[in-house]
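Trainee: Before anything else, here's the structure in question.
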Amino acid sequence: MTKKILCIIANPDTRADSLSSSISRAFLDELRASQRESEINEMNLYEIDMPALNFNTIKTLEPMQVEEEDFNRLLEQLTDSDAFVFISQTIAFGLPARLKSFIEILLATKHIEKLGNKKAFHLQIEDDTLGPIYQTNEHEDFRNFLKEKSVNMIEPLNLPHHHLEAGEHENVLLEIIEDTRLAAREFAQFINQESS
């Protein structure tokens, strides 16, 4: 049976040559190579229109209808997927705003259950200029939230987003890309394991 995997990217820097785009591309390429039988879709939350919530009129009992076509397509893919991946970068010491908004919208519109009973992975790109004292626990809180919603999570990969001197970039990038590819292969194995 063909598995469906949805990769939700939450990186505002969508330039093809950016580090976050290179990491996302390496992960997706390796996942596609490891899961040739699977249908793998991707969506960057920074490239779609998301609904604005009116907290004065949110229906509390019924799922709210969402008007944005891109977001509805994302909800359909989320519903149909067997597994999903979140790829995000540390922004302002924590999760990107679009990823927070996405989860908030899922909660407010009663679509959060679409995440339940699926396998998932979180690839986190950290900013090495922010010392541990300044990092928040938002990424860990996000993963714990998903687990509370019955999402079967594999251990995350936290990749440093290095700010390097000239000449250092290529070797460090190769190491990061290799770690990313390894994580994609491990996630592919995790997806193929029978649920107990």
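Where a number appears in this text, it was derived from the coordinates with a stated rule and is not lab data. Just so it is clear, the model here is predicted, and its values are computed rather than measured. Here the Cβ is made from the backbone with ideal geometry for all residues, glycine too, and neighbour counts use every protein chain on show.
Trainee: For each of ILE9, ILE191, count neighbouring Cβ atoms within 10 Å of the residue's Cβ, then give the residues from fewest to most. Walk me through the numbers on the way to the answer.
Mentor: On the way: ILE9 26, ILE191 22.
Ascending Cβ contact count within 10 Å gives the list ILE191, ILE9.
Trainee: Can you bin region 5-54 into rounded, prolate or oblate? Criterion: square roots of the alpha carbon gyration tensor eigenvalues sorted a ≥ b ≥ c, rounded for a/c under 1.5, prolate for a/b above b/c, oblate for the rest. Can you show the working numbers first?
Mentor: Values: a/c = 3.89, a/b = 1.43, b/c = 2.73.
Oblate is the answer for region 5-54, as a/c is 1.5 or above yet b/c matches or exceeds a/b.
Trainee: With a 10 Å Cβ neighbour count serving as the proxy for reagent exposure, in which order, fewest first, do PHE102, PHE27 appear? Please list the in-between numbers first.
Mentor: Details: PHE102 21, PHE27 26.
Sorted ascending by nearby Cβ count, the order is PHE102, PHE27.
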